[in-house]
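Trainee: One structure is given below, represented as structure tokens, and several questions about it will come after.
The values are calculated or read from the model by the stated rules, or taken from the named source; none is laboratory data. Small disclaimer: the values here were computed from a predicted structure and weren't measured. Using ideal geometry, Cβ is built from the backbone for each residue, glycine included, and neighbour counts are taken over all protein chains shown.
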């Protein structure tokens with residue numbers, strides 16, 4: 001009867017339980033007489049507002065001289081990094097730097113093209129967006145502007161979900177025991193799966209620099225609004241029902 005119940009419940013492969021006082025149930029035959037070993041899981045989820053804004057910008061240029069081209073990129077990027085570092089709420093990092101030769105055809109003069117990326121991110125959206133607008137004024141182009149959940153908020157949210165998920169799992173084990181005519185359910189091995197958040201796309205608009213824009217025309221700063229992310233946490237366990 002014990003083996004039949006195990007087959008009907010579609011038990012997962014068993015592994016050694018971790019509690020110090022737990023016995024080593026390596027196979028179904030090791031389970032105490034009258035007990036049933038079952039694998040269960042429970043999931044909790046919550047929706048949170050995205051709090052981290054990230055902007056990726058890029059400076060592009062071309063020149064017949066590779067040296068002059070790189071000098072131009074280096075100077076603009078240094079100015080951009082210095083400007084970004086003035087905003088304390090923003091973290092700045094440079095991205096890929098790429099220079100290559102370009103010819104329209106084999107008879108055309110040689111032209112060098114180059115670009116380098118810059119990433120800024122922070123939780124104070126107004127300051128970051130204002131900075132992004134200033135960088136666009138310098139000639140950098142916007143590659144991407146998006147919200148996400150910061151690692152700190154992700155960890156805090158999942159820690160808050162852990163206790164609720166464990167309570168749900170314990171309750172599920174007790175209900176399963178009752179349904180099978182058992183009076184007790186012990187969780188022998190518990191595994192926590194942090195899973196992943198589903199990042200909804202935020203509503204956002206983006207202003208881009210145009211070559212034909214007048215030099216004395218000030219460009220508006222980009223705009224972004226946070227979306228919502230679903231954060232989940234799953235806990236699974238082997239429960240011994242007695």
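Trainee: If I ask for residues that are assigned to a loop (DSSP other than H, G, I, E, B), surrounded by 19 or more Cβ atoms within 10 Å (Cβ to Cβ) and at pLDDT 90 or above, which ones from the range 11-59 would you list?
Mentor: 50 - this is the single residue of the range 11-59 that is assigned to a loop (DSSP other than H, G, I, E, B), surrounded by 19 or more Cβ atoms within 10 Å (Cβ to Cβ) and at pLDDT 90 or above.
Trainee: Please state which one of 182, 218 is assigned by TED's automatic domain parsing to the domain that holds residue 41, more than 27 Å from the chain's Cα centre (by Cα), modelled with pLDDT under 90 and assigned to a loop (DSSP other than H, G, I, E, B).
Mentor: Only one candidate qualifies: 182.
Trainee: Would you check if residue 65 is at pLDDT 90 or above, farther than 18 Å from residue 134 by Cβ and more than 38 Å from the chain's Cα centre (by Cα)?
Mentor: It is true that residue 65 is at pLDDT 90 or above, farther than 18 Å from residue 134 by Cβ and more than 38 Å from the chain's Cα centre (by Cα).
Trainee: Only one residue in 202, 226 is assigned to a loop (DSSP other than H, G, I, E, B) and either over 30 Å from residue 141 (Cα atoms) or modelled with pLDDT of 90 or more (or both). Which one?
Mentor: 226
Trainee: Condition test on residue 173, is it more than 27 Å from residue 51 (Cα to Cα), surrounded by 12 or more Cβ atoms within 10 Å (Cβ to Cβ) and more than 13 Å from the chain's Cα centre (by Cα)?
Mentor: Spelling it out, residue 173 is indeed more than 27 Å from residue 51 (Cα to Cα), surrounded by 12 or more Cβ atoms within 10 Å (Cβ to Cβ) and more than 13 Å from the chain's Cα centre (by Cα).
Trainee: Conditions: (1) modelled with pLDDT under 90; (2) over 30 Å from residue 137 (Cα atoms); (3) touching a strand residue (DSSP E or B) at 6+ places or on another chain (Cβ under 6 Å). Residue 194 meets all but one. Number of the miss?
Mentor: So residue 194 meets the others, but not (3).
Trainee: Between 130, 159, 155, 164, which is surrounded by fewer than 17 Cβ atoms within 10 Å (Cβ to Cβ), over 21 Å from the mean Cα position of the chain (by Cα) and modelled with pLDDT under 95?
Mentor: The conditions single out 164.
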